[in-house]
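Taking it in order: structure first as structure tokens, then the write-up.
The values are calculated or read from the model by the stated rules, or taken from the named source; none is laboratory data. Worth saying up front: this structure is predicted, and the values here are computed from it rather than measured. Note: ideal-geometry Cβ built from the backbone for every residue, glycine included; neighbour counts use all protein chains shown.
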Amino acid sequence: MHPEDIKSTLRKTGTTASCLARELGVSHQAVSCVIRGRFRSLRIARRICELTGLDPALTWPGRYPELRLDPIRFQTNPFQEAA
């Protein structure tokens, strides 16, 4: 997917790469590099997919196989016992 498509999808959800960077505590350059595919960050990519609903396999083909195994969702405590 083209980086401008990712950025426009982010804007449609009411956020920007800079807002996302502040939320995650990283630089806006880090978010931009992940969007453009220059750097790899599972945390940034996961949050982009959570916000936009984009499929990571289509957004960054072959770049994040971990996201295929672990679906995009807000995770709860994995060690919480069922009652």
Worksheet entry | Cβ pairs under 7 Å, 6+ apart, first in the range 30-46 and outside any helix (DSSP H, G or I), second not small (Gly, Ala, Ser) | 37/60; 37/63; 39/33; 40/63; 41/34
Worksheet item: What tally of residues in the range 1-23 results from selecting those that are of a type in the set (S, T, N, Q) and part of a helix (DSSP H, G or I)?
Response: 3
Discussion item. Just to be sure before I move on: is residue 26 part of a helix (DSSP H, G or I) and either surrounded by 15 or more Cβ atoms within 10 Å (Cβ to Cβ) or modelled with pLDDT of 90 or more (or both) in the structure I sent?
Written reply: no
